[in-house]
């Protein structure tokens, strides 16, 4: 028996938690990074479950082991944040804004390159008639 490929959620799954589509995409990308295992096996499993659609991110935050790992990570982040100078914090905040703005620009460019469904060229086929006629 062949195993079906795992479902992969898209950015829309995170729109209720993010301020806009760019932040939703960055949230998904962050989960993909966690799914790689760099933050440990518990958060890796959580990220994989969320990305596969087996549980929502809010549900993961409420579940025992996952919540504990997230709190531990947040506490470590806050401890490191508190040790930074105001200038270092401002630099990190600005980098976050740059990342979000770059993501927004990338999404806008993708929309410009992708014709809407049903429009000429959306199927990859040329229109059946020339564009120089009228009724």
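Residue 88 to residue 10: extension gain in nm, 0.36 nm per residue of separation minus the Cα-Cα distance?
Stretched fully, the residue 88-residue 10 segment lengthens by 24.8 nm.
What's the Kirkwood radius of the range 11-113 in Å, using all Cα pairs?
Hydrodynamic radius (Kirkwood, Cα pairs) of the range 11-113 is 15.1 Å.
Per 0.36 nm of contour for each residue apart, how much would the distance between residue 42 and residue 75 grow if the chain were fully extended, relative to their Cα-Cα spacing?
Here the answer is 10.3 nm.
How high is the relative contact order of the range 11-113? Use alpha-carbon pairs under 8 Å, at least six apart in sequence, and give a whole percent.
23 percent.
Every read-out reported here was derived from the displayed coordinates using simple, explicitly stated rules and does not represent laboratory data. Note that this is a predicted model, so its numbers are computed, not measured.
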